[in-house]
Amino acid sequence: MADGELGRIGLKRSNLFREQCYIDGKWVGEPEIEVRNPATRGVIGRIPNLGRAETLRAVAAAEAALPEWRALPAKARADVLRRWNDLMLKHQEDLARLMTAEQGKPLAEARGEIAYAGAFFEWFGEEARRAYGDIIPGPAADRRIMVMKQPVGVVGAITPWNFPAAMITRKVGPAIAAGCTVVLKPSELTPYSALALALLGEEAGLLAGVLNIVTGDAEPIGQVLTEDPRIAKFTFTGSTPVGKKLAAQCASTVKRVSLELGGNAPFLVFDDADIEVAAAGAIVSKFRNTGQTCVCANRFFVQDGVYEAFAKLLAEKASELVVGDGLAGVTQQGPLINVKALQKVEAHVADALGHGAKVLTGAQRDSQGGTFYQPTVLRDVAPDGLLAREETFGPVAALVRFRTEEDAIRMANDSRAGLAAYAYTRDLSRSWRVAEGLQYGMVGMNTGLISSETLPFGGVKESGIGREGSKYGIEEFLEIKSIVVQL
Ligand code: NAP
């Protein structure tokens, strides 16, 4: 069985497939936990089931590697990151195929994610050389104050399955660039992308112990990463409930914490929008990765005057999306990650239909079985149903009608999430009012695709703390030290 799935992936470089963890520059652990392809349910391979003891060992390795790594000139660290990005691009096709097999996303999206993920290494290598300090005029004639930036130390990181490479490089890139060392736990659903990245990091010149990857039982591993006093900073991407729990665990040792949590993005279409552009943006924002991105549009608020036309256009475009195994070249919609995800989508759709919503397209499992679900557009959705209140994390566009700009902003802000929002209008003044009025960390104005390594990515309210990417992202891994000099 495993041979069959691996054979279908067809790696050109077979040793990118690793079934062991990476601690202190060594490949360790025995393959135990099965990893399945969500499209076929076939077993791709196994990964080690490590726990507390091995995670403590990884933390010790990261602590031991810290003095030498942080002492390197920034350029030396940047050179490693640049080579690492080069290697990712060199092996882009293999890495993309591995990712599609374990995660399910269409191959074209996986190729895009590898390029996006590598860009964080390149970007933060460049940023490492600009971690400038300050000289502050002193409060007295014979006093000076100097500010220098230093790496925070050992970093604990936990990442989700929906972007198996980029959610890692967006943390590891700035951490390593800043001079920190890392212990990372990827999702057990998508560990192979992480392990392949570790191999390429080793080839790019990472010192032993700078990056350690531990797979296995989430709770004991997470406990070490959040409670061990040797870890100075904890960074997490995943769901809001798990993020809250882990942040609470970090309190006992007062760690620095960054959280990239769930979203529930509103997508506003005003009467003065170009609805062709809005519908195209809606498809990208809603259906990328089968609706399993944290910045996916979840609630569509559409103004009276364009409601009918926009609904028709969106339903047409959604019904044309090709559903299937991501490894097949034509696929635009892969499977949902697992049965739990499928059941959540079904519960949200049933709730909406029970409250009067109507189906424009989809709203059922796909005939291919498994966790394939048809791209779905629902109209006349109640603004207070499950679809509106919770992150659906699936291929369902829920359309709600609005009359005034004030109503749209009020409904869009009526959420505990505050990650991404989108708005379509051709009125310049309105675009400023709306962008400023939306309580979200990121706003896409006339675009459904916002992510890049240059964007400060992150949310407000219960969507998180801190920013990743951009010039701000490295600050999460730098400590400010102030030195007061008496002349
Ligand atoms: P999740 O269930 O919270 O899992 C995320 C990670 O936490 C996984 O590695 C998981 O391990 C681990 N984990 C779960 N319970 C844990 C515990 N008690 N202790 C320690 N670790 C634990 O989230 P997910 O389903 O993987 O990801 C989807 C969520 O991530 C969505 O809500 C999405 O919006 C959010 N997300 C946010 C961003 C952002 O930038 N804001 C980006 C991507 C995704 P296992 O998988 O091995 O169990």
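Annotations
- Answer from Ala196, Ala232, Ala218 - the residue that is modelled with pLDDT of 95 or more, more than 9 Å from the ligand (Cβ to nearest atom) and surrounded by fewer than 24 Cβ atoms within 10 Å (Cβ to Cβ): Ala232
- Here the condition is being at positive phi, surrounded by fewer than 18 Cβ atoms within 10 Å (Cβ to Cβ) and modelled with pLDDT of 95 or more; of Gly25, Gly51, Gly42, Gly29, it holds for Gly25 alone.
- Set side by side, the residues Pro383, Pro335 differ, and just one is in contact with a Phe, Trp or Tyr (Cβ under 6 Å, 6 or more places away or on another chain) and either more than 26 Å from Arg416 (Cα to Cα) or assigned to a loop (DSSP other than H, G, I, E, B) (or both), which is Pro335.
- In the set (1) over 25 Å from Glu476 (Cβ atoms); (2) in contact with a His (Cβ under 9 Å, 6 or more places away or on another chain), the condition left unmet by Ile114 is number (1).
- When the stretch 371-391 is filtered for residues that are under 30 Å from Gln103 (Cα atoms), acidic (Asp, Glu) and surrounded by fewer than 23 Cβ atoms within 10 Å (Cβ to Cβ), only Glu390 remains.
- Matching option when the condition is farther than 15 Å from Glu405 by Cβ and surrounded by fewer than 15 Cβ atoms within 10 Å (Cβ to Cβ), among Ser463, Ser429, Ser470, Ser452: Ser452
- Filter result (surrounded by 17 or more Cβ atoms within 10 Å (Cβ to Cβ) and either modelled with pLDDT under 95 or farther than 14 Å from Thr392 by Cβ (or both)) within the stretch 339-365: Leu360, Thr361
- Total residues in the stretch 247-282, condition touching a residue at least 12 places away in the same chain (Cβ under 8 Å), closer than 24 Å to Trp161 by Cβ and among the aliphatic types (A, V, I, L, M): 5
- Filtered residues of the stretch 144-169 (kept if part of a strand (DSSP E or B) and either under 20 Å from Ala128 (Cα atoms) or within 16 Å of the ligand (Cβ to nearest atom) (or both)): Met146, Val147, Met148, Lys149, Gln150, Pro151, Val154, Val155, Gly156, Ala157, Ile158
The values are calculated or read from the model by the stated rules, or taken from the named source; none is laboratory data. This structure is a prediction, so every number in the text was calculated from the model and none was measured. Counting neighbours? That spans all protein chains shown, and the Cβs are built from the backbone with ideal geometry, glycine included.
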